[in-house]
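Written out below as structure tokens is the structure these notes cover.
Rule-based calculations on the coordinates, nothing more; no lab input. Remember, predicted model here, so these are calculated numbers, not experimental data. We place every Cβ from the backbone using ideal geometry, glycine too, and count neighbours over all the protein chains shown.
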Amino acid sequence: MTDLAYHKVDTKKAGAPDGCPVDHEFSPFSERYIANPYAWLGRKREDEPVFYAKPLGYVVVTRLEDVEEIFMNPDVFSSTNVQDPVFPICAEAAEILSADDYNPVAVMSNRPQPDHTRIRKYTQAGFSPRRMKVLEPLVRQRAEDLIDNMLADGSPAEWVSAVGNPLPAETIFRLIGFPESDDEQLKAWTNNRLEFTWGKTSREEQIEVARNLFAYWRYVAAYVAMRRENPADDFTSELLAAHAEKPDDLSYVEVQSVIYGLSFAGHEIVRNLISNALLCLLGERRNWERLCADPGLIKQAIEEVLRFNSAQTSWRRVTTCDTEFRGMKLPKGTEVFMSLAAANHDPRKFADPDRFDLARDNSGKHIAFGRGPHICLGRLLAKLEVTIILELLTKKIPSLRLVIGQDLSYHPNFSFRGPKTLFLSWDTPT
């Protein structure tokens, strides 16, 4: 693995910085955190806003102001570690990913400056207003079809498998240009990537995911090569045209790697965001009734969901040099866990932060998509998908509700949060 490899499997951790409080329990993989990260984080944010989590080997930062400062200082707090497995992977999985023809490179979330800005100017075209206008009717039609299929199967229904997972996966595949005939295979290859990079997986799971990553990379390489000879109106062809015009500014392997990484970023995370939105809005009946009565509130509702129960609860950085932060000396190579969940509930910014409030006037000040040069590229597409879902559901199924007594379980995960399953019911017309 080179320094530019998309996934680096060297996960050596630095020790606790001198003078930094040490917490011997804090871990996003613990049952306590999985059940309710906000309660634990809230206490840490007030008592020890910066601390070293011994089980992780990370310095944890919890206040909004501090997280923003780290995001805005990429020269010192680098993003080069964000796609690396949190924990060491087994030798067999590492061997699979060491194949000569598995060679994606860091391109967006984990590429430092100045290369990040160089590549991002080309990838932004894929999320241009024109591309969004092309995608919107496709997303709307597919969302309507999936919801109608769910309704036809009858109440109750399991939302994630019926709509929540297929829609964002197929949306990002259409953006890239992948054919619909390959959707099921592509979902199988990309569905469990989050567990590999940000989870705590068994040896068998690591091997399975490594094989899927390798198979998917080969598929991407073949697809990009095909589009090079047969361009179409899709994001892949746009990147290839940019490469053909300026090959020294955007390399061919960077085009391949952007396509490889994009399907992950736009799939599982958006699935979780949609489910979290339904949990927030259906969890208190008056919120759903207000939305059904006034769909104009949907935009505001989405911002409050992103603040209150974002699909991304943390992100990470690594120091590029010895530095000082909030009076603590952080050696070069210190890994930092930025708690977006704690920052989005910071009472210094948000009044009564642990309450979901459709009327909150500063919900849009959340940090769910990050800040600075690495702010989430696909944020507009994610919001578009959730908007379409909520518009359709409030119109079609105003009686929609959560199934009472269901067990909401979550994958133990370093950075992302969303229910594995979500059961919904509604009144069937007589």
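Numbers below:
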{"item": "Whole-Å distance, taken between Cα centres, linking the stretch 323-367 and the stretch 394-427", "result": "26"}
{"item": "Ranked list, fewest to most other Cβ atoms within 10 Å of each Cβ, for THR201, THR313, THR117", "result": "THR117, THR201, THR313"}
{"item": "Positive-end residue, the chain charge dipole about Cα centroid, Cβ charges, pick of SER263, ALA232, LEU135", "result": "LEU135"}
{"item": "Placed amide H near TYR58: partners under 5 Å, 5+ positions off or other chain", "result": "ALA53"}
{"item": "Cross-link reach list, lysines versus LYS54, counting only Cα pairs under 29 Å and skipping chain neighbours closer than eight places", "result": "LYS8, LYS12, LYS13, LYS44, LYS200, LYS329, LYS332, LYS349, LYS420"}
{"item": "Packing rank of 269-280, 218-229, where each peptide gets the mean count of other beta carbons within 10 Å, highest leading", "result": "269-280, 218-229"}
{"item": "Positive minus negative residues near ARG203 (Lys, Arg vs Asp, Glu; Cβ under 14 Å)", "result": "-4"}
{"item": "Ranking of VAL50, VAL305 by count of other Cβ atoms within 10 Å, fewest first", "result": "VAL50, VAL305"}
{"item": "Reported label for calculated Kirkwood radius over Cα pairs in Å given [x] 22.4; [y] 23.5; [z] 29.8", "result": "[x]"}
{"item": "Electrostatic dipole magnitude of the stretch 3-85 [Cβ: Lys, Arg +1; Asp, Glu -1; Cα centre; debye, to 20]", "result": "320"}
{"item": "Nitroxide proxy distance, nm - points 7 Å out along Cα→Cβ at GLU391 and GLU31", "result": "4.4"}
{"item": "Beta bridge orientation in the stretch 22-425: antiparallel %, DSSP, nearest 5", "result": "80"}
{"item": "Alpha-carbon centroids, the stretch 154-202 and the stretch 232-278: separation in whole Å", "result": "16"}
{"item": "Cβ-based exposure ranking for MET328, MET108, MET72, in which fewest neighbours within 10 Å come first", "result": "MET72, MET328, MET108"}
{"item": "Karplus (6.51, -1.76, 1.60) ³J(HN,Hα), θ = phi - 60°, over the stretch 51-60, in Hz, Gly and Pro reported as x", "result": "8, 9, 8, 4, x, 9, x, 10, 7, 9"}
{"item": "Positive-end residue of LEU392, GLY405, PHE356, charge dipole of the stretch 356-407 with Cβ unit charges", "result": "LEU392"}
{"item": "Label-point gap, in nm, between ASP248 and GLU136 - each point 7 angstrom along Cα→Cβ", "result": "4.1"}
